[in-house]
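The values are calculated or read from the model by the stated rules, or taken from the named source; none is laboratory data. Since we're looking at a predicted model, the values are computed, not measured. Methodologically, a virtual Cβ is constructed for each residue, glycine included, from the backbone with ideal geometry; neighbour enumeration extends over all protein chains shown. These area figures cover heavy atoms from the full protein model, side chains too; ligands, DNA and RNA do not enter into them. Shrake-Rupley method; radii C 1.70, N 1.55, O 1.52, S 1.80 Å.
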Amino acid sequence: MKLITAIIKPFKLDEVREALAGVGVQGITVTEVKGFGRQKGHTELYRGAEYVVDFLPKVKVEAAVKTELVERAIEAIEKAANTGKIGDGKIFVFDVEQVIRIRTGETGEDAL
């Protein structure tokens with residue numbers, strides 16, 4: 001089992017959700033986050049004063065998937081989140097040792 005974490009642009013969330021559902025990912029967790037990478041934020045003008053916006057709004061999408069689904073899920077996220085511009089985001093993949101469904105007590109891949 002793997003945990004896929006993707007940091008993406010907020011307006012790409014629906015496309016990523018649909019793409020993951022299309023490859024068989026059953027559940028995701030979404031968190032609104034702020035951050036920056038190579039783009040280092042940007043400057044904005046507000047009431048005549050210029051100020052720097054260091055942290056840009058992003059969305060963190062997390063999905064625990066069976067090992068055999070990992071490559072398809074990564075490809076689906078890459079296609080759906082890609083705009084070809086800086087700040088499209090990153091995908092991280094982590095090993096998951098154990099999953100337990102609280103309601104039924106199921107463990108492992110059965111709990112996904």
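Tabulated results
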{"item": "Count of segment 17-40 residues which are more than 23 Å from V53 (Cα to Cα) and open to solvent by 100 Å² or more (accessible area, probe 1.4 Å)", "result": "3"}
{"item": "Where a residue in segment 67-93 is more than 11 Å from L20 (Cβ to Cβ) and its partner, wherever it lies, is of a type in the set (S, T, Y) and open to solvent by less than 70 Å² (accessible area, probe 1.4 Å), with Cβ under 9 Å and at least six apart", "result": "K90/T5; I91/T5; F92/T5; V93/T5"}
{"item": "Tally, over segment 81-112, of residues that are within 19 Å of Q26 (Cβ to Cβ) and within 11 Å of the chain's Cα centre (by Cα)", "result": "2"}
{"item": "Residue, most open to solvent (accessible area, probe 1.4 Å), within segment 81-112, restricted to residues that are of a type in the set (A, V, I, L, M, F, W, C) and in a loop (DSSP other than H, G, I, E, B)", "result": "I102"}
{"item": "Sole residue being modelled with pLDDT of 85 or more, within 18 Å of the chain's Cα centre (by Cα) and small (G, A, S), chosen from G22, G37", "result": "G22"}
{"item": "Residue list for segment 56-80, restricted to those being over 15 Å from Q26 (Cα atoms), touching a helix residue (DSSP H, G or I) at 6+ places or on another chain (Cβ under 8 Å) and surrounded by 15 or more Cβ atoms within 10 Å (Cβ to Cβ)", "result": "K58, V59, A80"}
{"item": "Criterion: under 22 Å from A111 (Cβ atoms), surrounded by 14 or more Cβ atoms within 10 Å (Cβ to Cβ) and not hydroxyl-bearing (S, T, Y) - qualifying residue of K2, K12", "result": "K2"}
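A quick yes/no check of all residues on (1) under 27 Å from R101 (Cβ atoms); (2) at pLDDT 85 or above; (3) part of a strand (DSSP E or B); (4) of a type in the set (S, T, Y):
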{"position": "I7", "(1), (2), (3), (4)": "yes, yes, yes, no"}
{"position": "Q26", "(1), (2), (3), (4)": "yes, yes, no, no"}
{"position": "V33", "(1), (2), (3), (4)": "yes, yes, yes, no"}
{"position": "L45", "(1), (2), (3), (4)": "no, no, yes, no"}
{"position": "V59", "(1), (2), (3), (4)": "yes, yes, yes, no"}
{"position": "E62", "(1), (2), (3), (4)": "yes, yes, yes, no"}
{"position": "A76", "(1), (2), (3), (4)": "yes, yes, no, no"}
